[in-house]
1. Can you find even one residue in the stretch 93-114 that is assigned to a helix (DSSP H, G or I), away from ligand 2 (no atom under 11 Å from the Cβ), closer than 23 Å to residue 4 by Cβ and modelled with pLDDT of 95 or more?
2. State whether one or more residues within the stretch 7-27 are within 16 Å of ligand 1 (Cβ to nearest atom) and surrounded by fewer than 16 Cβ atoms within 10 Å (Cβ to Cβ).
3. Taking the stretch 5-39 only, how many residues are in contact with a strand residue (DSSP E or B) (Cβ under 9 Å, 6 or more places away or on another chain) and not in a helix (DSSP H, G or I)?
4. Filter the stretch 46-71 for residues that are buried (at least 22 other Cβ atoms within 10 Å of the Cβ) and farther than 28 Å from residue 95 by Cβ and give the result.
5. Could you count how many residues in the stretch 77-87 are within 13 Å of ligand 2 (Cβ to nearest atom) and surrounded by fewer than 20 Cβ atoms within 10 Å (Cβ to Cβ)?
6. Would you check if there is a residue in the stretch 141-153 being outside any helix (DSSP H, G or I) and either surrounded by fewer than 16 Cβ atoms within 10 Å (Cβ to Cβ) or within 14 Å of ligand 2 (Cβ to nearest atom) (or both)?
7. For the list (1) away from ligand 1 (no atom under 14 Å from the Cβ); (2) crowded, with 21+ Cβ neighbours inside 10 Å; (3) over 22 Å from residue 141 (Cβ atoms), I need the number of the one condition that residue 74 fails.
Ligand code: CTP
Ligand code: MG
């Protein structure tokens, strides 16, 4: 029981900068899109209007700040950069699949940012397999919960 509590707390402490980074664009995003409105070879947008420069930058800034407060600034930077890269990569794949900006793609929307953020931070601060599996399991539920709250607060048009 105590072991499980420690695993949960350790995992959430580890991933906190990535979670915070992922939430920031909903509050601080908007404006000029990261892809500058450009299209990919398939004629569809590279990323779409929902991935903005301000959102991307605010995610890295907030996540890094959280990491600094935790006393792990480099990990915080890597986790939040990974979160924003993974989030954008998810949108890139969604556009290639013909899913419009804001449309849902179950795995990509919830795990994309998580996987890339752990990949980037792992070399600097490794995480045990138990914690990685725990985060893969709980993140979709946490993601859904925060999206529903953001939707109710009027911060987000859709609740996924
Ligand atoms: N957002 C932003 N900049 C980013 C990422 C997100 O401004 N780099 C903002 C946008 O307002 C976006 C909202 O956060 O609508 C929610 O982000 P998310 O759910 O990740 O994007 P989607 O709207 O689902 O867009 P996509 O289909 O491209 O994933
Ligand atoms: Mg979405």
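1. Checked the stretch 93-114: at least one residue is assigned to a helix (DSSP H, G or I), away from ligand 2 (no atom under 11 Å from the Cβ), closer than 23 Å to residue 4 by Cβ and modelled with pLDDT of 95 or more.
2. Yes: one or more hits.
3. The total comes to 10.
4. Within the stretch 46-71, 67 is the sole residue that qualifies.
5. The total comes to 0.
6. yes
7. The one condition residue 74 does not meet is (2).
Each row is one residue, and each column tells you yes or no for (1) outside any helix (DSSP H, G or I); (2) modelled with pLDDT of 95 or more; (3) within 16 Å of the chain's Cα centre (by Cα).
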residue	(1), (2), (3)
3	no, no, no
41	yes, yes, no
47	yes, yes, yes
60	no, yes, yes
74	no, yes, no
81	no, yes, yes
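The values are calculated or read from the model by the stated rules, or taken from the named source; none is laboratory data. What you see is a predicted model, and the numbers here were worked out from it, not measured in a lab. Glycine also receives a Cβ, built like all others from the backbone with ideal geometry; neighbour counts cover every protein chain displayed.
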